[in-house]
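Values in this text are rule-based calculations from the coordinates and carry no lab data. Small disclaimer: the values here were computed from a predicted structure and weren't measured. With ideal geometry, Cβ positions are generated from the backbone for all residues, glycine too; neighbour counts draw on all protein chains shown.
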Amino acid sequence: MKKIFKILAIGALFQHACYAGVTVYKDINYKGSSVKYGVGAHNYNEIKRNNPGDDAISSVKIDPGYRIILYWDPNYRGRSLTLTKDTPNLVIYGANDQTSSLRVEKIAVNGTFKRWNNTGYSGASTTWKVGEYRNVNGNFSSIFVPRGFSVTLFSAQNFSGNVVALRAQDNDIWIDDFSAICPSIKSLVIEKNG
């Protein structure tokens, strides 16, 4: 018997707040004082004024569809680290308590349905338009479905196997760790919502 997973109107679960972007924390594991930064360049004076402040960021939460570039020096200079997913401990990157300026950017997505090989919306990617695709290759670790579209993903070729149906009704759908939902995707159907 086929396992069927239906995730309808999932967009509400991934709805962004008006002020989406990234949240930086003073301590590891998203603890201590924090501040949220929206899209744009945030230089030394702004970071120093906010809490946790200059050279005081230890962990970062990133809303789906965004990335942050941390710079060791003011004016977006010196060493830098780009992150596209939640990072509970900057120590492992040698970036703990180093940030003096940062940029937050929206990850550009063109086309109807996009998948990335890696989590964090990174690595090799493929974009598909409306249609049926009987035999697809590559990992589906992160995916994007724009508002107004649906995608049905199958774990086997020729539209068979386990099924995951995603309908982006009111909001875009961003799923960072999609392989946890359905580890194998071999065919898919993309439709415009009626």
>> Can you give me the long-range amide H partners of ASP172? Hydrogens built in the peptide plane at 1.01 Å from N, cutoff under 5 Å, separation of 5 or more residues or another chain.
In response: ARG147
> Per-residue HN-Hα couplings for segment 175-181, Karplus 6.51 cos²θ - 1.76 cosθ + 1.60 at θ = phi - 60°, whole Hz, x for Gly and Pro?
Replying inline: 10, 7, 10, 5, 4, 6, 7
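For Cα pairs less than 8 Å apart in space and 6+ apart in sequence, what is the mean separation divided by the residue count of the chain, i.e. the relative contact order in percent? Spell out each step's value before the answer.
Values: 524 pairs, mean separation 43.1, N = 194.
Over the chain, the number comes to 22 percent.
Please give the charge dipole size of the chain, origin at the Cα centre, charges +1 on K and R Cβ atoms and -1 on D and E Cβ atoms. Round to the nearest 20 debye. Spell out each step's value before the answer.
Numbers: 23 positive and 15 negative charges, 107 e Å.
Computed charge dipole of the chain: roughly 520 debye.
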>> As I understand it, the dipole of the chain uses +1 on the Cβ of Lys and Arg and -1 on the Cβ of Asp and Glu, about the Cα centre. Which of GLY21, TYR66, SER160 lies farthest toward its positive end?
In response: SER160
>> Bin width 5 Å, origin at 0, all Cα-Cα pairs of segment 91-135: what percent of pairs per bin?
In response: 5, 14, 16, 17, 16, 10, 8, 5, 5, 2
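By count of other Cβ within 10 Å, fewest leading, how are ARG67, ARG77, ARG115 ordered? Walk me through the intermediate numbers first.
Working: ARG67 19, ARG77 11, ARG115 26.
Fewest-to-most ranking of ARG67, ARG77, ARG115: ARG77, ARG67, ARG115.
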> What percentages, rounded to whole numbers, describe P(r) for segment 22-106 computed over all alpha carbon pairs with 5 Å bin width beginning at zero?
Replying inline: 3, 18, 31, 30, 16, 1
> What base-10 log of the normalised intensity I(q)/I(0) is obtained for the chain from the Debye formula, alpha carbons as equal point scatterers, at q = 0.14, 0.16 Å⁻¹?
Replying inline: -0.80, -0.95
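Please report the antiparallel percentage of DSSP beta bridges with both residues in the chain, rounded to the nearest 5. Mind showing how you got there, number by number?
Details: 51 of 55 bridges.
Around 95 percent antiparallel, to the nearest 5.
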>> Taking the number of other C-beta atoms within 10 Å as the exposure measure, put LEU90, LEU81 in order starting with the fewest.
In response: LEU81, LEU90
